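Chemist: The following block contains the structure, expressed as structure tokens.
The values are calculated or read from the model by the stated rules, or taken from the named source; none is laboratory data. Quantities reported herein were computed from a predicted structural model and do not represent experimental measurements. In this analysis, Cβ positions are derived from the backbone assuming ideal geometry, glycine residues included, and neighbour counts consider all displayed protein chains. Keep in mind that these areas ignore ligands, DNA and RNA; they rest on the heavy atoms of the full protein, side chains included. Shrake-Rupley method; radii C 1.70, N 1.55, O 1.52, S 1.80 Å.
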Amino acid sequence: MQIRSVHFKQRASAAIANPETQKRMASLGFAARRADRVAEFGAAKFEAQRAAAAAVRDRSIGDLATWIERFETVATRRGATVLYANNAKEVGERVVAICRDHRLTKAIKSKSMLSEEADLNLVLAAAGVQPVETDLGEYICQLADDPPSHIIAPAMHKSRDEIADLFVKHHGTPRLDEAALLTREARERLRSHFLSADLGISGGNFLIAETGSVALVTNEGNGRMVTTLPRVHIVITGIEKVVPTLEDLATLMRLLPRSATGQNISNYFSVLTGPRGRADTDGPEHLYFILVDNGRSSLVGGELQDMLRCIRCGACMNHCPVYKTVGGHSYGWVYPGPMGSVLTPAFMGLANALDLPQASTLCGACSVVCPVKIPLPGLLRSLRERQVQARLRPGQEIFGLKLWSFAARHPWLYAILSRWGARVLRLLGGSSGMISRLPLASGWTSGRYFPAPPRGGTFRDRYAALRK
Amino acid sequence: MRVGLIVTCLVDLMRPGVGFAALELLESAGCEVTVPAKQTCCGQPGWNSGDRGSARALAMKLLDEFSDCDYVVAPSGSCAGMVKVHYADVFKDDEYQLARAKKLAARTHELTDFLVNILKIERVPGTFAGTVTYHDSCSGLRELGVKAQPRALLAMVPGLRLAEMSESETCCGFGGSFAIKFGDISAQMAAAKCAHIRASGASAVVLGDLGCMLNIEGRLRKEGDTTTQVLHIAEVLAGRK
């Protein structure tokens, strides 16, 4: 996907000014449902489970090459073909090559964020293969030609009215205004695609090294059809999604649905191993895995390694006050919210996403809900440090910081500056004590006043006078 | 008991009364309070802006100034959090300073946490006639577990009634330089916070961090609300408002 993170501020301001977007964001109900599930599970038990899950992920990532190799060996023995893609472009190349080999013409897809990283729908269409998204949200996004705005609720930015209009336009059917009827119409449309497709493309929530399997967590049942009906099934997922054992998978599955949608378990949960066997009544004739790097391995051993623990639940964005204010599209690439603000600069380059690590109050709401305990504020801070080191911050900001730090290291100078600073601010505040325009800080005063200090000088001066 | 007071740079410049209120609370509880005259800033602005060098220099300065105190107290969750949680990271490659930082961290407390869990006070000097609501500032809440402490203290203030707002734990949108760099987003978050404050029916919002205080007060006044008071918890407990 082409990166548009450079437009973060403009898009964020537009989202704030749009009452419909604000209404849609306010309707995001996952956080409340998660809280209920955690309470039922028991908060202390949930905490222990988070620690266990983080340990499972650390064990996988700490020895990634070994577990991937193990996965490849076992999956190959079970009849699958394991391919690798170093970058987004290679993902498209591998998929197109498979389509050529098997003369495939129609791909039904279940939700996959990696498919977004690789712009797979564009690549498929250019190669003469019709891509059809079958996750309802993704289907809506495909009709609207929108990228997903949330990793597990991709069309959450669309209102029911907009969806009804889209269906009239693309299906040529009478307008419906009930969610259930719209869903039924989409199912009816998708059914013929399910039955006529020769390729199924899915993501993979986890790869299990000991059994060579892929685990899929879905809610709509489309995943089952995508992975069993067509004669070829391609799983596309990141190399970091591997876990050593089924027991590890169980540890993570206690957390994933609860953290994501606030469900104890998703409606569907599949563990798929190998293509259709001789005794099997369904399943694909050919099963391919495309394991994608696209920047992931560069995080191993570095300060951002903890990010590779991510199991793509979306809890960080569901709890992020910035995400809930600006919406997913503002972030400008595949992954929005706090995890996106780390992944986008990490995968696409620091200079291509300058605002993202800065666009956080570091409030920590994300890290306390993360099921694998990723210290997201710390990672954002670390990216800010890299920006400073790479001289990617504006000169004025760096100068201000240096000046502040110099003054703060010289108490006599600091005392003078703060004494005068307090006087100037008090004068600017006038009789109301509220400053409506601050030079060099117009960002503050565009949406609020800056309260001025009271008369009487700084604490330092007053305290010194009292002690005399 | 010798207690060092980190006044914090924002209290020093913007709300000196909060510093005196903290001082009064500690002294009235029997502490011998020392206020190092040369203190300036804990280094948080540099730390959060990616300037490790300046954060380190200021952290070192603070370690020198407060290392002879039995306890160190700040009327701010984010400054106390900087010392208690982040100094370990600031000095991660310097064994000697790291050991000093860890020692200091173990003795450092946010004000309300210190009053409740170390001094275990049962009375406060202040009184307050009216209903207040409490905003949980992020660093205090999530880095230091400051949640029950301020509420326990507010319950000791004669005449004060607490009416919880919804989403009291949601960030007010301050975030240091975030409030200037992303003014639109920050102000929108502040507006949401102000709406919750108003809906609580309280005549004052009480909180424990200067950044949130300036942000919320600035937004309330801009919205034309000239009556809802924005008070630091030290002011309420000491009866200085």
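Chemist: Any of A:Lys402/B:Lys147; A:Lys23/B:Lys193; A:Lys373/B:Lys181; A:Lys111/A:Lys241; A:Lys9/B:Lys193; A:Lys373/B:Lys147 with alpha carbons more than 24 Å apart? Name them for me.
Modeler: A:Lys402/B:Lys147; A:Lys373/B:Lys181
Chemist: In addition: Just B:Thr227, B:Thr112, B:Thr34 to compare: in a GNM of chain B, with alpha carbon springs under 10 Å, which one fluctuates most?
Modeler: Judging by the Gaussian network model, the answer is B:Thr227.
Chemist: Solvent-accessible area per residue for region A:88-176 at a 1.4 Å probe radius, Å²?
Modeler: 41 Å²
Chemist: Here's a follow-up. Taking the inverse of the average 1/r across all pairs of different Cα atoms in region B:2-118, what Kirkwood radius in Å do you get?
Modeler: The Cα-based Kirkwood calculation yields 14.1 Å.
Chemist: Taking the Cα centre of region A:305-389 as origin and charging only Cβ (+1 Lys, Arg; -1 Asp, Glu), how large is the dipole, in debye to the nearest 20?
Modeler: 140 debye
Chemist: Something else: Would you mind telling me the share, in percent, of accessible area of region A:20-297 contributed by carbon and sulfur at probe 1.4 angstrom?
Modeler: Carbon and sulfur atoms account for 50 percent of the accessible area of region A:20-297.
Chemist: Residue-wise, which Karplus ³J(HN,Hα) couplings in Hz belong to region A:160-165, taking 6.51 cos²θ - 1.76 cosθ + 1.60, θ = phi - 60°, and x for glycine or proline?
Modeler: Per residue, the Karplus-derived 3J(HN,Hα) values read 4, 4, 4, 5, 4, 4 Hz.
Chemist: Here is a further query. In terms of modelled amide H atoms, which long-range or inter-chain residues lie less than 5 Å from the amide H of B:Val33?
Modeler: When sequence neighbours closer than 5 places are left aside, the close amide H contacts are B:Val3.
Chemist: Could you state the accessible area per residue of region A:357-468 in Å², with a 1.4 Å probe and every protein chain left in place?
Modeler: Accessible area per residue, region A:357-468: 51 Å².
Chemist: Then there is this: Carbon-plus-sulfur fraction of the accessible area of chain B, 1.4 Å probe, in percent?
Modeler: 51 percent
Chemist: Right, another one. Which residue, A:Gly238, A:Val214, A:Leu104, has the largest displacement toward the positive end of the dipole of region A:20-297 when charges sit on each Cβ (Lys, Arg +1; Asp, Glu -1)?
Modeler: The residue sitting farthest along the positive end of the dipole is A:Val214.
Chemist: How far apart, in nanometres, would the label points at A:Phe399 and B:Ala106 be if each is projected 7 angstrom from Cα along the Cα-to-Cβ direction?
Modeler: Each label point is offset 7 Å from its Cα along the Cβ direction, giving 4.6 nm.
Chemist: Let me ask something else about it. Of all alpha-carbon pairs in region A:20-297, indicate the percentage at a distance above 25 angstrom.
Modeler: The answer is 49 percent, as a whole percent.
Chemist: Here's something else I'd like to know. So which residues of region A:355-383 lose at least 40 Å² of accessible area, probe 1.4 Å, when you go from the chain by itself to every protein chain present?
Modeler: Residues losing area: A:Gln358, A:Thr361, A:Cys363, A:Arg381.
Chemist: Ok, one more. With unit charges on the beta carbons (Lys and Arg positive, Asp and Glu negative) and the dipole taken about the Cα centre of region B:2-118, which residue among B:Leu26, B:Val90, B:Phe114 sits farthest to the positive side?
Modeler: The residue sitting farthest along the positive end of the dipole is B:Val90.
Chemist: Same structure, new question: Quick one: which bits of region B:198-218 get at least 10 Å² less accessible when the partner protein chains are in, versus the chain alone, with a 1.4 Å probe?
Modeler: B:Leu214, B:Asn215, B:Glu217, B:Gly218
Chemist: Can you work out the base-10 log of I(q)/I(0) for the protein assembly as shown at q = 0.08, 0.10 1/Å, using the Debye formula on its C-alpha atoms alone?
Modeler: -0.67, -0.98
Chemist: What list of ³J(HN,Hα) values in whole Hz, one per residue of region A:308-313 in order, does the Karplus curve 6.51 cos²θ - 1.76 cosθ + 1.60 (θ = phi - 60°) give from phi, with Gly and Pro shown as x?
Modeler: Along region A:308-313, the couplings run 5, 5, 3, 10, 6, 8 Hz.
Chemist: Just to confirm a number: summing +1 for Lys and Arg and -1 for Asp and Glu over residues other than B:Asp225 whose beta-carbon lies under 13 angstrom from that of B:Asp225, what do you get?
Modeler: +4
Chemist: Oh, and also: What do the square roots of 5 times the Cα gyration tensor eigenvalues come to for region B:166-241, in whole Å, largest first, as semi-axes of the equivalent ellipsoid?
Modeler: So the equivalent ellipsoid measures 20, 14, 11 Å along its semi-axes.
Chemist: Please list 3J(HN,Hα) in residue order for region A:11-16, calculated via the Karplus relation 6.51 cos²θ - 1.76 cosθ + 1.60 where θ = phi - 60°; whole Hz, with x for glycine and proline.
Modeler: 5, 5, 5, 5, 5, 5
Chemist: Helix A:43-62 versus the longest principal axis of chain A: what is the Cα-based angle in degrees, 0 to 90, to the nearest 10?
Modeler: 70 degrees
Chemist: What net charge is computed for the residues neighbouring A:Ala125, neighbours being all others with C-beta under 13 Å from the C-beta of A:Ala125, Lys and Arg scored +1, Asp and Glu -1?
Modeler: After counting each charged neighbour, the total is -1.
Chemist: Buried accessible area between A and B (1.4 Å probe, both chains summed, ligands and nucleic acids excluded), in Å² to the nearest 100?
Modeler: It comes to approximately 5000 Å² buried between A and B.
Chemist: Continuing with the same structure: Rounded to the nearest 500 deg cm²/dmol, what is the calculated helix-only ellipticity per residue at 222 nm for chain A, with -39500 (n - 2.57) per DSSP H run of length n ≥ 4?
Modeler: Rounded to the nearest 500, it is -15000 deg cm²/dmol.
Chemist: For B:Thr133, list long-range residues whose amide hydrogen, built 1.01 Å from N in the peptide plane, is under 5 Å from its own amide hydrogen.
Modeler: The list, which skips near neighbours in sequence, is B:Ala163, B:Ala204, B:Val205, B:Val206.
Chemist: I would also like to ask the following. Using modelled amide H (1.01 Å from N, peptide plane; none on Pro or chain starts), what sits under 5 Å from the amide H of A:Ile435, excluding residues fewer than 5 places away?
Modeler: The list, which skips near neighbours in sequence, is A:Phe450, A:Ala452.
Chemist: For region A:395-467, what is the Kirkwood hydrodynamic radius in Å, using each pair of distinct C-alpha atoms?
Modeler: One over the average 1/r among Cα pairs gives 13.7 Å for region A:395-467.
Chemist: Any idea what the dipole of region A:106-177 comes to, in debye rounded to 20, about its Cα centre with Lys/Arg Cβ at +1 and Asp/Glu Cβ at -1?
Modeler: So the dipole magnitude of region A:106-177 works out to roughly 240 debye.
Chemist: Take the Cβ-Cβ distance between A:Arg191 and A:Glu20 as r, set R0 to 41 Å, and report the resulting FRET efficiency rounded to the nearest 0.05.
Modeler: With a Förster radius of 41 Å, E is 0.85.
Chemist: Next up: For region B:90-226, what mean projected area does the convex hull of the alpha carbons give, in nm²?
Modeler: 9.9 nm²
Chemist: Could you tell me which Cys residues in chain A have no other cysteine's Cβ under 4.7 Å from their own Cβ, answering none if every one has a partner?
Modeler: Those would be A:Cys99, A:Cys141, A:Cys310, A:Cys313, A:Cys320, A:Cys370, since no other cysteine Cβ in chain A comes under 4.7 Å of theirs.
Chemist: A further question on this structure: In peptide A:408-417, how many Cβ atoms from other protein chains are near each Cβ within 10 Å, on average?
Modeler: 4
Chemist: If I fit a long axis through the Cα atoms of helix A:30-41 and take the longest principal axis of the Cα atoms of chain A, what angle between them do I get, 0 to 90°, rounded to 10?
Modeler: Rounded to the nearest ten degrees, it is 80.
Chemist: With both bridge residues required to lie in the protein assembly as shown, what share of the DSSP beta bridges run antiparallel, to the nearest 5%?
Modeler: Beta bridges within the protein assembly as shown, antiparallel portion: roughly 20 percent.
Chemist: Run the numbers on region A:323-342: which residues show a drop of 40 Å² or more in accessible area, chain on its own versus all protein chains together, using a 1.4 Å probe over heavy atoms?
Modeler: Residues meeting the cut-off: A:Thr325.
Chemist: Please check: in the Gaussian network model of chain B (C-alpha springs, under 10 Å), which one of B:Lys147, B:Lys120, B:Lys102 has the largest mean-square fluctuation.
Modeler: Top of the fluctuation ranking is B:Lys120.
Chemist: Another one. Can you tally the net charge around A:Lys9? Count Lys and Arg as +1, Asp and Glu as -1, for every other residue whose Cβ sits under 14 Å from the Cβ of A:Lys9.
Modeler: Result for the neighbourhood of A:Lys9: +1.
Chemist: Continuing with the same structure: Please report, in debye to the nearest 20, how large the charge dipole of chain B is about its Cα centre when each Lys and Arg carries +1 at its beta carbon and each Asp and Glu carries -1 there.
Modeler: Rounded to the nearest 20 debye, it is 180 debye.
Chemist: Follow-up question, since we're still on this one. What angle do you read, to the nearest 10 degrees and between 0 and 90, between the alpha-carbon axis of helix B:183-199 and the longest principal axis of chain B?
Modeler: 50 degrees
Chemist: Taking the dipole about the Cα centre of region B:126-194, with the C-beta of Lys and Arg at +1 and of Asp and Glu at -1, give me whichever of B:Leu153, B:Gly140, B:Ala163 is farthest to the positive side.
Modeler: About the Cα centre, the residue reaching furthest to the positive side is B:Leu153.
Chemist: OK, next. If you count only protein heavy atoms with a 1.4 Å probe, what accessible area per residue comes out for chain B, rounded to a whole Å²?
Modeler: 34 Å²
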